[in-house]
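Okay, structure first, notes after.
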Amino acid sequence: MVIKLVILGSGGTVPTLSRNLPAMAIQCDGLLFLFDCGEGTQLQLMRARLSMGKLECICISHLHGDHVTGLPGLLMTLGQIPRERPLLICGPPGITEYTEGTRRLLGFQYQYPVEMLETSGGVVYQEGPLRIEAAPAEHSCFTLAYALIEAERPGRFLIEEAERLGIPAGPLYGRLQSGQAVTLPDGRTVQPSAVMGPPRRGRKIVYATDTRPAERVIQFARGADVLIHDGMFDDDLKDQAQMKWHSTVVQAAQVARQAQAGRLLLTHLSSRYYADAPLAEQARQVFPATTVARDLMEIDVPMYK
Ligand SMILES: [Zn+2]
Ligand SMILES: [Zn+2]
């Protein structure tokens, strides 16, 4: 499965000409997942050439305007696109009132089923090998961090081992690969573990903004291949970050290091910053695999072999 992240909005609080308000898409083969929906997200989806019709689920972190004002417009446009699959919209308590309230006031109807899910944490989506979990972050209002998690895949079929054990090629191979023990013509029983390599781990992508650096986010992000984290301020503005319930880029790097993430993407950058390099430099002192997110940046998350 191809898993690709696309940053749609890397700014925070107010947009700039180069940074839109928060939104991130994850494309998993033919399905599209959206995390937050700041103003202008539908245009960013078009610029990124992502098909809105493929949207499976929209996960909202919290009900601050910069994260949700793009939702009514996106839903109105989606109403013009034929689809049959339901669209799931999940978020913290209040997301239904916001979504339904704006829909009613603006007087539009959905042409497709919409499922609303309010949650304080737990699994919000599960389909095939993919699931999305939510957990509380630490912000001035109730905020959810999200993790998109791919299930572990079975190990490789070790054909040399199967040949060595004298298993005849054919349907028995398939049964072993699907996890069943088989009996050979000579009466021996072979367990799948004898011919299968170790299970291959799935990928994990964590989205955590807005938030202060928090122990519970570290736990939630444990082992993430990619952590997308609030990095609103540089490290000289620690007090501002604390006061406004955000993180500095160095604090985000500490979270990534403690969570043993594969790489860190800093997002929700304050409109005061034009250059990425000084922010990246500060964070890389603590966590070298750091990138400052840019709008329309794409990141492939490779499969474990
Ligand atoms: Zn925000
Ligand atoms: Zn906020």
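The values are calculated or read from the model by the stated rules, or taken from the named source; none is laboratory data. Bear in mind the structure is a predicted one, so any value in this text is a computation, not a measurement. Cβ placement follows ideal geometry from the backbone for every residue including glycine, while neighbour counts extend to all protein chains displayed. Accessible surface is based on the protein model in full, side chains and every heavy atom, while ligands, DNA and RNA are left aside. Shrake-Rupley method; radii C 1.70, N 1.55, O 1.52, S 1.80 Å.
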Problem - So G187, is it at positive phi and outside the structural domain of A134 (by TED's automatic domain parsing) - result: yes
Practice task
Test E56 against the criterion of being assigned to a loop (DSSP other than H, G, I, E, B) and touching a residue at least 12 places away in the same chain (Cβ under 8 Å), and give yes or no.
Solution key: no
Completion exercise
Only one of (1) open to solvent by 30 Å² or more (accessible area, probe 1.4 Å); (2) in contact with a Cys (Cβ under 9 Å, 6 or more places away or on another chain); (3) within 16 Å of ligand 2 (Cβ to nearest atom) does not apply to H67, and that is (1)
Fill in the blank from the handout: I58 vs (1) of a type in the set (V, I, T); (2) within 16 Å of ligand 1 (Cβ to nearest atom); (3) surrounded by 18 or more Cβ atoms within 10 Å (Cβ to Cβ): all pass except (2)
Exercise for the section: Quick one: which residue in Q180, Q242, Q254 is assigned to a loop (DSSP other than H, G, I, E, B), open to solvent by 10 Å² or more (accessible area, probe 1.4 Å) and polar (S, T, N, Q)? Expected result: Q180
Completion exercise
The one condition G122 fails out of (1) small (G, A, S); (2) surrounded by 14 or more Cβ atoms within 10 Å (Cβ to Cβ); (3) closer than 17 Å to F35 by Cβ is (2)
Exercise for the section: Show the residue pairs that are 6+ apart or on different chains and have beta-carbon atoms under 6 Å apart, the first residue being within segment 124-142 and outside any strand (DSSP E or B), the second being open to solvent by 20 Å² or more (accessible area, probe 1.4 Å) and within 16 Å of ligand 1 (Cβ to nearest atom). Expected result: E138/R212; H139/W245; S140/W245
Practice task
Filter segment 121-165 down to residues that are of a type in the set (S, T, N, Q) and under 17 Å from the mean Cα position of the chain (by Cα) and give me whichever is nearest to ligand 2 (Cβ to nearest atom).
Solution key: T143
Completion exercise
Checked I81, I95 against criteria (surrounded by 22 or more Cβ atoms within 10 Å (Cβ to Cβ) and either within 16 Å of ligand 2 (Cβ to nearest atom) or of a type outside the set (F, W, Y) (or both)); the one match is I95
Fill in the blank from the handout: Going through segment 257-266 in order, the residues found to be open to solvent by 10 Å² or more (accessible area, probe 1.4 Å) and either closer than 15 Å to A293 by Cα or in contact with a Lys or Arg (Cβ under 8 Å, 6 or more places away or on another chain) (or both) are Q260, R263
Handout entry: Breaking point among (1) over 16 Å from T290 (Cα atoms); (2) open to solvent by 10 Å² or more (accessible area, probe 1.4 Å), for M232
Key = (1)
Handout entry: Residues of segment 16-47 that turn out to be within 14 Å of ligand 1 (Cβ to nearest atom), closer than 18 Å to L87 by Cα and of a type in the set (S, T, N, Q), as a count
Key = 1
Fill in the blank from the handout: Across segment 104-118, the tally of residues that are in contact with a helix residue (DSSP H, G or I) (Cβ under 9 Å, 6 or more places away or on another chain) and either within 22 Å of C28 (Cα to Cα) or open to solvent by less than 40 Å² (accessible area, probe 1.4 Å) (or both) stands at 5
Practice task
Write out, first by first residue and then by second, each pair whose Cβ atoms fall under 8 Å of each other, whose residues are 6+ apart or on separate chains, and whose first residue, in segment 73-93, is among the basic types (K, R) while the second is crowded, with 19+ Cβ neighbours inside 10 Å and in a helix (DSSP H, G or I).
Solution key: none
Fill in the blank from the handout: Filtering segment 201-238 down to residues that are β-branched (V, I, T) and assigned to a helix (DSSP H, G or I) yields V217, I218
Practice task
List the number of the failed condition for M24; all other conditions in (1) in contact with a Phe, Trp or Tyr (Cβ under 6 Å, 6 or more places away or on another chain); (2) among the aliphatic types (A, V, I, L, M); (3) closer than 17 Å to V124 by Cα hold.
Solution key: (3)
Exercise for the section: Scan segment 161-168 and give yes if some residue there is open to solvent by 20 Å² or more (accessible area, probe 1.4 Å) and either within 30 Å of V301 (Cα to Cα) or among the β-branched types (V, I, T) (or both), otherwise no. Expected result: no
